[in-house]
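Have a look at the structure below, then the notes.
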Amino acid sequence: MINYTINRHVAILSWNMTSSPMNVMNDDSTPAFAAALQRAYDDVDVKGIIVTSEKNEFIAGADLKMILRNNEKDPAEMLKISAELNRIFRAIETSGKPAVAAINGTALGGGYEACLACHHRIALDHPKAIIGLPEVTLGLLPGGGGTQRLPRMLGMEAALPLLLEGKRVSPAEALALGLVDELAVSREELMEKAFAWIDAHPEPLQPWDERDRKTGQIVGKENFKVPGGGVQSTTGARVFSAGTAMLMEKTHGNYPAPLAIMSCVYEGLQVNIDRALVIEARYFVQVARSKVAKGLIQTMFLGLNEANKGIRRPKDIPATDVKKVGILGAGMMGSGIAYAAASVGIDVVLKDVSLEAAEKGKDYSRTVFKKAIERGKATQEKAEAALNLIKPTADAEDLRGCDLIIEAVFENRALKAQVTQEAEPMLAEQGIFASNTSTLPISGLALASAKPANFIGLHFFSPVDKMQLVEVIRGKQTSAYALAFALDFVKKIRKTPIVVNDSRGFYTSRVFTMYTAESMELLKEGINPVLIENAGKAAGMPVGPLAVTDEVSLDLIHKISGQSIKDGVLSEDDTAYQIGGKFVELGRLGKKSKAGFYEYPPDGKKFLWPGLAELFPLAETQPSVDEIKKRLFYRQVLETVRCFEEGVIQTQLDADIGSILAWGFPAYTGGALSFVDYVGIANFVQEADRLADAYGERFRPTPRLREMAKQGVSYFKQTN
Ligand code: NAI
């Protein structure tokens, strides 16, 4: 697991875990690492230590499955585990022998913290390598000394953003930021530089350490001067007062880890490193046991990885590969999909009604690439190669031989049927036809197809180049082959899929609509719109519900609910339909008409439309922010539960990931279905009943949910 060799009197500890594809720190590897280190300390012939890896990456971090298993452990037990890790890392810097991290690839979290405990860090300048402390993004904090060593090394101002944002950087950026000391261009040079550093520094001492005069032992320095000023300096005052306020504004107190990181730095920097590590361990245990960390690790790490690897792909279908894709409609969505496909080397035929319109669609890719080049995220050659793959056209003949055709023409059934019939015969033998419709049921659209088994929904989100999710929709007749094919394509363009069954609004639009719909119920009841918007944001939604309604546009919402009324699934009294109608009458369609629930003055500083006060007179008593938050949440979650029970959504993972990536459902809850577990199922049912009694049957829990609550069954255990 950790290969131990000696070369030129230097012990080389090279990580190479066979039990996992990446090197991770877990119950097996960490003790093995400790034992190898001890062997080096004890061997008098060993004058220095190099920590490196035989894999392509260095160490990817702590094993998150292990952290999840520990989530419900006794805190005292967890504290012991943390203390042991700190002992191991602390020994590296206090053994008296020089230790160099030869970072041959990605070093994240605990992996990078091991580097911080070494006296010197050299990174291989590999294009795929990333370095950083991303713990905070999973609700954790660096618990292997990261919150203490990084600010002691870089100063608080430089270290705090890295700790609080969990930024991951390239080796070159790491050098510029001071996260590593040197770069190497090859593995050979990496090792040579490590040997050279050891030769030149036989008795290294970390800046925060000193030798005890009596015993000669290396101990934490009292009164260590933090570069750039300590906690009590003017820098400290600025960093902590402004920083905490900013943090609260950003997280609304929903994420405990960033605040815990601030506390670790604040408290830890006032004492010596040994005591500081004890402080960090206490905070680490606190956040690692939190529900937030559990939800984030489960959904945003383990779950996302599974989704990206294709957990929903039918296993028995041989791998497929799209080499040429046809896109019908070079509008906002079509041009974005063209960009995504060309970026990964797929030939794209981009068709619109005229060559000019298709060219305009291709211009979109030109613009996105230009920006990427400016930001150093793409090279000129890569951009040109991708642009050369996009063929704009108005001629259906050019679609001949496409493995996949995606239509993204106007949202109109007849038009979609017409383009399907025109383009489908051009498909390659085993080709698939997909629709990017946002509202029209796939099974209905498939009626226009000669091969409905090969017809599927691929619902992208706008803007396509930024939105990671694709909602893959199975129509009644869609085959397992078409599903596997679609998922292979989504993987190839590096997006994350969820798989849903055909239904009105599919999954994402159906549940997201509940957020806006409930805000209109609140308006109608005379709840202050400022309160409504603030509650949405305080809950952790990216945008307040009225603002987002303006963005979607009130006429669209009115049109969609009008269709539902026509189809007999919604009543004319529906609040969103009524309010939508009123606003359409007033010509206040939303952001696009510069008037909706908000006013949009030319200076860009939008504000709530004062006319709302007249339309919706304020009720005498106003509810608490918490009560509104609850209504906004429960409405979405109950609809998710219904989607799950109706089979629109089939796994908890799809529900959770879809909610977070599609409409920004707050990730700290684990997602729209995990929310039930986040608040506890019994509590959820009780609260939903209370809300139903107070505000209407839409909040009533389903019988199955009630049954599950009685039995104390959690969603997670049921479906995974
Ligand atoms: P858009 O209006 O920007 O683009 C539609 C394009 O289709 C236009 O360029 C039009 O010239 C072209 N077109 C019309 N008839 C055509 C034909 N016979 N052959 C080829 N091209 C034709 O519309 P947008 O926003 O890109 O939407 C397209 C589809 O994607 C719609 O079904 C929409 O519901 C869906 N969608 C839209 C999202 C959004 O946020 N805008 C999100 C997800 C799906």
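Taken together, the values in this text are just the output of simple stated rules run on the coordinates, not laboratory data. Quantities reported herein were computed from a predicted structural model and do not represent experimental measurements. A quick note on method: Cβ atoms are made from the backbone with ideal geometry, for glycine too, and the neighbour counts reach across all protein chains shown.
With 10 angstrom as the radius, rank 571, 20 by how many other C-beta atoms surround their C-beta, starting from the fewest.
Working: 571 10, 20 15.
Ascending Cβ contact count within 10 Å gives the list 571, 20.
List every residue whose amide H lies under 5 Å from the amide H of residue 221, counting only residues 5 or more places away in sequence or on a different chain, with H placed 1.01 Å from N in the peptide plane.
209, 210, 273
Less than 12 Å from a label point 7 Å out along the Cα-to-Cβ axis of residue 6: which backbone N atoms in segment 38-74 qualify, by residue?
Only 39-48 pass the distance filter.
When only C-alpha pairs under 8 Å and at least 6 residues apart count, what is the relative contact order of the chain, in percent? Before the final figure, lay out each step's value.
Values: 1333 pairs, mean separation 63.2, N = 720.
RCO, the chain: 9 percent.
Determine the sum of side-chain charges near residue 163: Lys and Arg each +1, Asp and Glu each -1, restricted to other residues whose C-beta is under 12 angstrom from that of residue 163.
Numbers: positive: 149, 167; negative: 113, 135, 157, 165, 280.
Charge balance in the 12 Å sphere: -3.
For residue 355 and residue 38, calculate 0.36 nm times their separation in residues minus their Cα-Cα distance, and state this gained length in nm to one decimal. It would help to have the intermediate numbers written out before the result.
Numbers: separation 317, 0.36 × 317 = 114.12 nm, distance 7.00 nm.
Full extension from residue 355 to residue 38 adds 107.1 nm.
Cut-off is 10 Å between beta-carbons; in what order do 118, 264 appear when sorted fewest neighbours first? Each step should come with its number before you reach the end.
Details: 118 24, 264 27.
Fewest-to-most Cβ neighbours within 10 Å comes out as 118, 264.
Taking neighbour counts of Cβ atoms within 10 Å as a proxy for exposure, in what order, fewest first, do 459, 9, 252, 126 appear? Intermediate values should be presented prior to the final figure.
Details: 459 24, 9 13, 252 16, 126 21.
By the 10 Å Cβ count, ascending, the order reads 9, 252, 126, 459.
Assigning unit charges at the beta carbon (Lys, Arg +1; Asp, Glu -1) and nothing else, what dipole magnitude in debye, to the nearest 20, does segment 2-289 show about its Cα centre? Intermediate values should be presented prior to the final figure.
Working: 29 positive and 34 negative charges, 86 e Å.
With Lys and Arg at +1 and Asp and Glu at -1, about 420 debye.
Determine, from the Cβ-Cβ distance of residue 71 and residue 371 and an R0 of 51 Å, the FRET efficiency 1/(1 + (r/R0)^6), rounded to the nearest 0.05. Don't jump to the answer; show the numbers that get you there.
Details: r = 40 Å, r/R0 = 0.79.
Computed FRET efficiency for residue 71 and residue 371: 0.80.
Counting only residues 5 or more places away or on other chains, whose amide H sits under 5 Å from the amide H of residue 50 once H atoms are built in the peptide plane?
For residue 50, whose amide H was placed from the backbone, the distant partners under 5 Å are 11, 12, 13, 100.
Taking 0.36 nm per intervening residue step and subtracting the Cα-Cα distance, what contour gain separates residue 693 from residue 270 on full extension? Present the calculation step by step, with values, prior to reporting the outcome.
Numbers: separation 423, 0.36 × 423 = 152.28 nm, distance 5.30 nm.
Length gained between residue 693 and residue 270: 147.0 nm.
In terms of Cα to Cα distance under 18 Å, which aspartates and glutamates are near enough to residue 294, apart from those fewer than 8 places away along the same chain?
63, 72, 74, 77, 135, 306, 654, 656, 677
How big is segment 324-501 on each of its three principal axes, counting only the C-alpha atoms and giving the largest first in Å?
Here the spans come out as 46, 32, 28 Å, largest first.
In whole Hz, with x marking every Gly and Pro, tabulate ³J(HN,Hα) for segment 253-269 from phi via Karplus 6.51 cos²θ - 1.76 cosθ + 1.60, θ = phi - 60°.
x, 7, 10, x, 4, x, 5, 5, 5, 4, 5, 4, 5, 4, 6, x, 6
Among the listed pairs 55/97; 476/566; 362/495; 416/491; 377/416, which have their C-alpha atoms separated by more than 29 angstrom in this model? Don't skip to the end; give the middle numbers.
On the way: 55/97 25 Å; 476/566 22 Å; 362/495 20 Å; 416/491 26 Å; 377/416 36 Å.
Among 55/97; 476/566; 362/495; 416/491; 377/416, the Cα-Cα distance tops 29 Å for 377/416.
Net charge within 12 Å of residue 355 by Cβ-Cβ distance, Lys/Arg positive one each and Asp/Glu negative one each, not counting residue 355 itself? Numbers along the way, then the final one.
Numbers: positive: 351, 360, 362, 391; negative: 352, 356, 359, 395, 398.
Value of the local net charge: -1.
First select every other residue whose beta carbon is under 12 angstrom from the beta carbon of residue 486; then total the charges, Lys and Arg +1, Asp and Glu -1. Don't skip to the end; give the middle numbers.
Details: positive: 312, 313, 474, 491, 492, 495; negative: 403, 471, 488.
Net charge in that neighbourhood comes out at +3.
Can you list residues whose amide H is under 5 Å from residue 496's amide H, if they're 5+ apart or on another chain and H is modeled 1.01 Å from N?
Those qualifying (amide H under 5 Å, at least 5 residues apart or on another chain) are 469, 470.
What are the lysines whose alpha-carbon lies under 25 Å from the alpha-carbon of residue 291, with same-chain residues fewer than 8 places away excluded?
Those lysines meeting the cut-off are 65, 73, 80, 167, 250, 537, 629, 630, 710, 717.
Roughly speaking, what is the stretch gain from residue 573 to residue 559, that is 0.36 nm per residue apart minus the C-alpha to C-alpha distance, in nm to one decimal? Display every interim value, and only then the final one.
Numbers: separation 14, 0.36 × 14 = 5.04 nm, distance 1.45 nm.
In short, 3.6 nm is gained.
Which value in nm describes the separation of the simple spin-label points at residue 234 and residue 222, placed 7 Å from the Cα toward the beta carbon?
Calculated label separation equals 2.9 nm.
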